[in-house]
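Heads up: the structure comes next, in structure tokens.
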Amino acid sequence: MKNLARTAVLRSGVLRMIRGLRGRGAAILMYHSVTEDPRCQDIFLGGIIHSRSAFRGQMELLARQYRPTSLEQVRRFVRGESDIPDGAVVVTFDDGYVDNYEIAAPILNEVGIPATFYVIVGCVEQGKLPWVARLRFIFRTTKKVRWADSSGKVWPLSSEVERDKAYLFSCDACCKLAGLAQEKYVACLEDELDARVPVESGALMLNYDQVRELTRQGHIVGSHTMTHPNMAHVSLEEASFEMTESKKRLERQLEAAVTHFSYPCPALSPHWTEQTVAASRDAGYETAVTTDGGLARKGENPLSLNRIRPTKTVEGLRWNLECAFARRTV
Ligand SMILES: [Zn+2]
């Protein structure tokens with residue numbers, strides 16, 4: 001019923017009419033992982049995976065009915081330096097999974113959409129899954145039936161619901177940690193719950209050769225920090241280090257300037273502040289994307305751009321985009 005109603009609204013042209021009155025904006029879409037069968041990696045990555053067929057359908061929709069645009073064009077647009085086409089969309093990926101190179105990029109290249117890939121530099125260099133995925137795996141697979149957190153509170157782990165609660169609690173704690181402190185927290189949990197991601201899971205991340213190849217194919221590579229903390233919940237020194245060090249290492253590998261940044265958004269809110277925006281400017285970034293929903297509009301700060309989470313179906317994406325361009329909440 002809901003789908004029928006949506007189709008009727010889309011066909012009526014009402015949203016397009018409102019869009020014409022609202023002024024232009026760019027829809028920056030946020031993807032993570034694209035695999036043949038999302039169920040296979042669900043135990044690591046949870047619900048952030050698109051199937052290859054859904055992703056292909058969505059990219060074909062963008063190429064056919066919208067105007068794929070670059071981040072640089074969006075930067076100039078929000079600063080009022082130039083306009084963007086009606087229906088402007090930007091495709092971005094967070095985290096740096098190897099499927100971005102193996103599955104998503106060939107589809108993007110085929111339909112002619114240049115994308116931006118934000119990589120977690122520590123994960124690329126060490127061939128390790130992001131901590132969020134490691135914690136998910138630990139809590140989903142441990143044989144232990146309870147876990148005591150650092151305050152002594154005991155979390156039962158008998159049912160899926162109980163495991164999820166304990167997992168979310170541990171994410172709230174771990175997202176405030178960066179670098180070695182974060183690694184220590186994850187390693188402690190691995191020991192306590194006697195569960196750890198298999199070594200082969202590191203092969204799920206991009207390596208530097210693949211990152212370089214993505215830029216050779218015409219895509220942009222940006223930073224998604226060194227170790228994926230919540231930048232609003234670590235010290236400003238740690239946040240600045242995450243930004244500058246990841247930029248420096250990527251630039252050394254790519255032999256080119258890296259000027260685009262993406263804020264990780266694990267667990268707590270907010271995930272960026274005015275201070276982190278200033279730090280990103282000091283670090284030399286020209287754009288930064290958040291996970292706050294909505295279009296990028298003229299006059300906004302290019303260092304805190306909104307994005308849109310693409311649903312998992314082609315029609316769902318079309319609905320998301322039409323609502324966003326008509327400035328409705330989706
Ligand atoms: Zn991320």
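Brief remarks follow.
- Just one of the listed residues (LEU193, LEU204) is crowded, with 17+ Cβ neighbours inside 10 Å and in contact (Cβ under 8 Å) with a residue 60 or more places away in the chain, namely LEU204.
- The conditions of being in contact with a Ser or Thr (Cβ under 9 Å, 6 or more places away or on another chain), of a type in the set (A, V, I, L, M, F, W, C), within 26 Å of ILE103 (Cβ to Cβ) and within 16 Å of the ligand (Cβ to nearest atom) are met by MET226.
- When PRO130 is tested against (1) free of Cβ contacts under 8 Å to residues at least 40 places away in the same chain; (2) closer than 25 Å to CYS265 by Cβ, only condition (1) is not met.
- Residue in the stretch 118-125 that is touching a residue at least 40 places away in the same chain (Cβ under 8 Å), in the same structural domain as GLY23 (by TED's automatic domain parsing) and of a type in the set (Phe, Trp, Tyr) present: yes
- Within the stretch 12-27, being among the charged types (D, E, K, R) and either modelled with pLDDT of 95 or more or in a loop (DSSP other than H, G, I, E, B) (or both) holds for one residue alone: ARG24.
The values are calculated or read from the model by the stated rules, or taken from the named source; none is laboratory data. Keep in mind that this is a model prediction, so the values were computed, not measured. Counting neighbours? That spans all protein chains shown, and the Cβs are built from the backbone with ideal geometry, glycine included.
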